[in-house]
Amino acid sequence: MRIVVLVSGTGSNLQAVIDAVKAGELDVEIAAVGADREGTYGVERSSEAGLETFVVNFNSFPTRTEWDEALTARVASYSPDVVVSSGFMRIVSAEFIETFNGRYLNTHPALLPAFPGAHGVRDAMAYGVKVTGCTVHWADAGVDTGPIIAQEAVAVEDADTEESLHERIKVVERRLLVSTLAALAAAAPPN
Ligand code: GRF
């Protein structure tokens with residue numbers, strides 16, 4: 001199973017995927033890692049790991065549609081079976097998702113459909129929930145919507161800050177992403 005991973009930030013979830021592949025625990029080929037802006041640590045650590053990387057810079061395009069088309073073409077050039085949004089902080093079009101037959105996987109640091117959006121951890125804390133968690137799902141063109149594949153709960157502690165809670169969620173999120181990819185790879189027909 002060939003995957004392209006999209007990142008906007010540090011890419012620690014991506015690192016878990018890279019580590020699992022290197023350890024022989026995850027049978028996927030990371031065809032490329034792409035970002036929507038220059039200078040992400042996600043791209044830096046991927047090139048250090050010897051992976052193909054690319055940037056389709058959101059700010060270099062006059063319209064979202066043109067950026068989306070360029071991203072679609074670049075990702076399609078790697079012929080992925082699955083595209084993974086791993087902390088990719090941009091909404092993509094329905095055309096992007098159709099191009100990859102709906103196989104666009106996203107992870108989110110909350111128990112969807114609760115607390116979608118860019119601040120899932122902060123919003124859950126502000127609401128005062130005692131349990132939150134993370135979700136791996138097939139993404140559609142909405143904000144953190146689409147069929148849920150896996151979820152796991154994480155307890156909120158009284159002393160938590162947004163950062164401490166997000167870090168604990170990310171420990172679970174990394175494991176869930178790797179195990180979901182492993183299950184998809186096991187179910188994928190051989191090339
Ligand atoms: C993850 O919690 C992801 O769900 C959220 O941003 C975080 C990305 O972390 N959208 P990283 O870049 O993988 O470290």
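Just so it is clear, none of the values below were taken in a lab; they were calculated from the coordinates. Just so it is clear, the model here is predicted, and its values are computed rather than measured. Reconstructed Cβ throughout: ideal geometry from the backbone, glycine too, with neighbour counts over all protein chains shown.
Can you find, within the stretch 16-33, the residue that is farthest from the ligand (Cβ to nearest atom) among those that are buried (at least 21 other Cβ atoms within 10 Å of the Cβ) and in a strand (DSSP E or B)? Taking the candidates together, the pick is Ile30. Does Asn13 meet the test of being within 12 Å of the ligand (Cβ to nearest atom), touching a residue at least 24 places away in the same chain (Cβ under 8 Å) and out of contact with any helix residue (DSSP H, G or I) (no Cβ under 8 Å at 6 or more places or on another chain)? So Asn13 fails the test. Scanning the stretch 39-57 for residues that are assigned to a helix (DSSP H, G or I) and buried (at least 17 other Cβ atoms within 10 Å of the Cβ) yields a total of 4. Among the acidic types (Asp, Glu) and either over 27 Å from Phe96 (Cα atoms) or away from the ligand (no atom under 11 Å from the Cβ) (or both): does that describe Glu173? So Glu173 does not fit the description; no. Look at Asp36 and say whether it is farther than 15 Å from Asp81 by Cβ, within 13 Å of the ligand (Cβ to nearest atom), crowded, with 19+ Cβ neighbours inside 10 Å and among the acidic types (Asp, Glu). Here the answer is yes, as Asp36 does meet what is asked.
The residues of the stretch 164-191 that are under 22 Å from Thr10 (Cα atoms) and either more than 19 Å from the chain's Cα centre (by Cα) or among the β-branched types (Val, Ile, Thr) (or both), listed by number, are Ser164, Ile169, Val171, Val172, Val178, Thr180.
When the stretch 132-146 is filtered for residues that are more than 13 Å from the chain's Cα centre (by Cα) and in a strand (DSSP E or B), the ones remaining, listed by number, are Thr132, Gly133.
Annotation note: of Val82, Val92, the sole residue that is touching a helix residue (DSSP H, G or I) at 6+ places or on another chain (Cβ under 8 Å), more than 12 Å from the ligand (Cβ to nearest atom), of a type in the set (A, V, I, L, M) and touching a residue at least 60 places away in the same chain (Cβ under 8 Å) is Val82.
In the set (1) more than 15 Å from the chain's Cα centre (by Cα); (2) surrounded by fewer than 16 Cβ atoms within 10 Å (Cβ to Cβ), Tyr78 fails one condition alone, (2). When Glu157, Glu152, Glu163 are checked against the criterion of being within 12 Å of the ligand (Cβ to nearest atom) and more than 21 Å from Val4 (Cβ to Cβ), a single residue qualifies: Glu163.
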